[in-house]
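As structure tokens, the structure follows; a few thoughts come after it.
The values are calculated or read from the model by the stated rules, or taken from the named source; none is laboratory data. Everything numeric here is computed off the predicted structure, so don't read it as measured data. Positions of Cβ are backbone-derived with ideal geometry, glycine not excepted, and every protein chain shown enters the neighbour counts. When the accessible area is computed, the model is the full protein with side chains, heavy atoms only, and any ligands, DNA or RNA have been set aside. Shrake-Rupley method; radii C 1.70, N 1.55, O 1.52, S 1.80 Å.
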Amino acid sequence: MTSDASGPIPPATCVLVSGGSRGLGLAIVTDALARGAKVATFARTVTPELEKLAAEHPDDVHVGSVDVTDAGAVATFVREAAAHLGPIDALVNNAAVGQDSLHIHTSPERIADIVTTNLTAPLLLTRAVLRHIMAKGSRGRVVMVTSVCAQRGYSGLVAYAATKGGLEAAARTLAREMHGRVYVNCVAPGFFASEMSSVLGTSELDTITRRTPSGRLVEPENIVPVVRTLLFEDTNINGQVLTVDGGSSI
Ligand SMILES: NC(=O)c1ccc[n+]([C@@H]2O[C@H](COP(=O)([O-])OP(=O)(O)OC[C@H]3O[C@@H](n4cnc5c(N)ncnc54)[C@H](OP(=O)(O)O)[C@@H]3O)[C@@H](O)[C@H]2O)c1
């Protein structure tokens, strides 16, 4: 890799994905691996699916049990992953917690937890990975997984939406700060089935589907190619939010 900040950024060779144990994160990990990249990922619980991937690809996958809110543990994970896999040149900030409570009924502690996990922690993880990229004199790519609720209102998601909007604002500013040396973008999914969205009942999902012009809910398989493009293709997309929601937010 070159430290020259002009010209295309090479495809990612080693991607750190936060929250890769299940759901969208696991789909991104699996896809990046299939694309030929090395992958480091962590979650609080290492699932059997992740253990299997690590066992099948011992030289290409680094897995850890880390709480993203523990800055010391995250820094150690970045160091150990790079020692195992080689320099990290891409980050997907995917780990997050959801919300399903009106703001007036959400405790101050819960609000703080959502903000710490979904906003402060990804900012610190991004800082750690960018410092690693800078120290190597290389270039890289950062993808923030945000949400359509950063742009449109949905009841029960006030603190969550604030964190996702915060990440989108940070991504734009960071893209400018990194001055072409690192591309920073967001992928904003609409609702898709996962442990996080399992709080939604059938009637809520039916309503979302009815309001979605494409007539179907988003699936991780729809989001993964967009993340893949931002990690591996020469698109010159920088500082943007790419929404994958079947048009529900238009
Ligand atoms: N599902 C949706 O409808 C939807 C819509 C728009 C955007 N999104 C976004 O898409 C991303 C993936 O969501 P998902 O639906 O796939 O969620 P999910 O199934 O709940 O997965 C979340 C992942 O993050 C990890 N995680 C959560 N808290 C963590 C912590 N403190 N430390 C480390 N890891 C942590 C989880 O593992 P552990 O719990 O074991 O730590 C898990 O691996 C999130 O950024 C979410 O906000 C989701």
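Can we say residue 243 is more than 9 Å from the ligand (Cβ to nearest atom) and over 21 Å from residue 30 (Cβ atoms)?
Details: more than 9 Å from the ligand (Cβ to nearest atom): yes; over 21 Å from residue 30 (Cβ atoms): yes.
So residue 243 passes the test.
If we keep just the residues of segment 153-169 that are at pLDDT 95 or above and open to solvent by 30 Å² or more (accessible area, probe 1.4 Å), which is nearest to the ligand (Cβ to nearest atom)?
Out of the qualifying residues, it is 162.
Name the helices (runs of 4 or more DSSP H) wholly inside segment 1-110 in which the number of residues that are over 28 Å from residue 135 (Cα atoms) is 3 or more.
On the way: elements: 23-34, 48-56, 71-85.
Correct list: 23-34, 48-56.
Take the residues in segment 86-99 that are within 14 Å of the ligand (Cβ to nearest atom) and either modelled with pLDDT under 95 or surrounded by 22 or more Cβ atoms within 10 Å (Cβ to Cβ) (or both), then tell me which one is nearest to residue 178 (Cα to Cα). Even if it seems obvious, please write down each step before you answer.
First, the residues of segment 86-99 that are within 14 Å of the ligand (Cβ to nearest atom): 91-99.
If we keep only those that are either modelled with pLDDT under 95 or surrounded by 22 or more Cβ atoms within 10 Å (Cβ to Cβ) (or both) too, we end up with 91-96, 99.
Values: 91: 14, 92: 17, 93: 17, 94: 21, 95: 23, 96: 24, 99: 32 Å.
Residue satisfying both the conditions and the ranking: 91.
Could you grab me the full set of residues in segment 111-130 that are aliphatic (A, V, I, L, M) and either open to solvent by 10 Å² or more (accessible area, probe 1.4 Å) or outside any helix (DSSP H, G or I) (or both)?
Let us first name the residues in segment 111-130 that are aliphatic (A, V, I, L, M), namely 111-112, 114-115, 119, 121, 123-125, 128-130.
Within segment 111-130, 111, 112, 115, 119, 123, 124, 128, 130 meet the criteria.
Only one of (1) in contact (Cβ under 8 Å) with a residue 60 or more places away in the chain; (2) among the aliphatic types (A, V, I, L, M); (3) near the ligand (Cβ under 10 Å from one of its atoms) is not met by residue 208, so which one is it?
Failing condition for residue 208: (1).
For residue 197, work out the one condition from (1) open to solvent by 60 Å² or more (accessible area, probe 1.4 Å); (2) of a type in the set (Ser, Thr, Tyr); (3) modelled with pLDDT under 90 it doesn't fulfil.
Failed condition: (1).
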